[in-house]
Amino acid sequence: MITTLRKTVSKHDVNQVKEDAMEGKCVVLDLVGDEKYVYAYNDAVRLERKEAEVLGYLMDHVMISCSKHSVEQAIWYGRPVGNSAVKRYIASLRRKLDQAMGSDDIAENILVTTEEGYAWKTDIPSIVLRNG
């Protein structure tokens, strides 16, 4: 069983965590700056703000299937969203994760489609950097 624990990363340790990601030890989603990035073994890739929010939500719920509705509520706070918005962001994230992680099996083994919706389903340690 894999559980996630939120841990605090000091400003001093942020660069080390990003270096660890580039060495393949983890995946890091940086939500701190104006520009959002995902860091992984192969590359650091810039994400659009909503892409980063969707990925952060799924990474926070590692190994848990999140319904499209729960993603919409968490990211758009109940505002109306087009029927395919989440699906479009997931497709875009998969392309960018493929680039960042150097893997062509993202949809099958990392950011997967489930009966209920989507899941961040990997045993690779994941860290989401946030302000606060």
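The values are calculated or read from the model by the stated rules, or taken from the named source; none is laboratory data. Model, not experiment: these values are computed from the prediction. Methodologically, a virtual Cβ is constructed for each residue, glycine included, from the backbone with ideal geometry; neighbour enumeration extends over all protein chains shown. Accessible surface areas use protein heavy atoms only, side chains included; no ligands, DNA or RNA. Shrake-Rupley method; radii C 1.70, N 1.55, O 1.52, S 1.80 Å.
Maximal additional length on extending the Glu115-Asp43 stretch stands at 22.9 nm, based on 0.36 nm per residue less the C-alpha distance.
Suppose a student asked you for the relative contact order of segment 14-87, using Cα pairs under 8 Å spaced at least 6 residues apart; what percent would you report?
18
Of all the C-alpha pairs in segment 31-97, what % are more than 17 Å from each other? When every Cα pair of segment 31-97 is considered, 42 percent fall beyond 17 Å. The residues neighbouring Arg95, those whose beta-carbon lies less than 14 Å from its own, together hold a net charge of -1 under the Lys/Arg +1, Asp/Glu -1 convention. What net charge is computed for the residues neighbouring Glu48, neighbours being all others with C-beta under 13 Å from the C-beta of Glu48, Lys and Arg scored +1, Asp and Glu -1? Local charge sum for Glu48: +3. By DSSP, what percent of the beta bridges with both residues in the chain are antiparallel, rounded to the nearest 5? Close to 75 percent. In order along segment 82-94, the Karplus-derived 3J(HN,Hα) couplings, from 6.51 cos²θ - 1.76 cosθ + 1.60 at θ = phi - 60°, round to x, 4, 9, 4, 4, 4, 5, 5, 4, 4, 5, 4, 4 Hz, and Gly and Pro are given as x.
For the chain, the fraction of alpha-carbon pairs lying more than 25 Å apart is 19 percent, rounded to a whole number. When a 1.4 Å probe is rolled over the protein heavy atoms, the share of accessible surface on segment 79-132 that falls to carbon and sulfur comes to 45 percent. How high is the relative contact order of the chain, in percent, with contacts defined as C-alpha pairs under 8 Å that are six or more residues apart? Contact order relative to length: 31 percent. Per residue, the chain exposes 60 Å² of accessible surface when a 1.4 Å probe is rolled over the protein heavy atoms with every protein chain present.
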